[in-house]
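Report on the following structure.
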Amino acid sequence: MKNWFLPVAVLGFTGLALLCATPAAQEKLQELIDSLGGESDPLGDFDRFLDEQMAAIQRTLDHLSKALEEGHA
C-alpha cells in the first residue's frame with residue numbers, strides 16, 4: 001500500500017493544478033473562497049498582525065536602546 005501513496009498524491013496534486021488552470025474553475029474557486037471567508041480577509045488580517053508585532057518589537061528595541069544609552073551616560 002505504501003507504493004501507491006506517491007503516485008496517488010502526484011495525480012491528486014496534478015488534478016488540482018489542472019482544475020485551477022481554467023478560468024471558469026478559478027472563478028468558481030474564488031466564489032467558494034469568498035463564501036467561506038465571509039467578510040474577513042485572512043491575508044489582510046495576517047498582514048495587520050505582522051505589522052503590529054513588528055511595531056511592538058521596534059518599540060521594545062527603542063526602549064532597550066534608550067536604557068542602554070542612559071546606562072552609559
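Does Leu29 count as aliphatic (A, V, I, L, M), within 19 Å of the chain's Cα centre (by Cα), modelled with pLDDT under 90 and exposed (fewer than 10 other Cβ atoms within 10 Å of the Cβ)?
Answer is no for this residue.
Leu36 - would you say it is surrounded by 10 or more Cβ atoms within 10 Å (Cβ to Cβ) and at pLDDT below 85? Steps first, please.
Working: surrounded by 10 or more Cβ atoms within 10 Å (Cβ to Cβ): no; at pLDDT below 85: yes.
Here the answer is no, as Leu36 does not meet what is asked.
The values are calculated or read from the model by the stated rules, or taken from the named source; none is laboratory data. Remember, predicted model here, so these are calculated numbers, not experimental data. We place every Cβ from the backbone using ideal geometry, glycine too, and count neighbours over all the protein chains shown.
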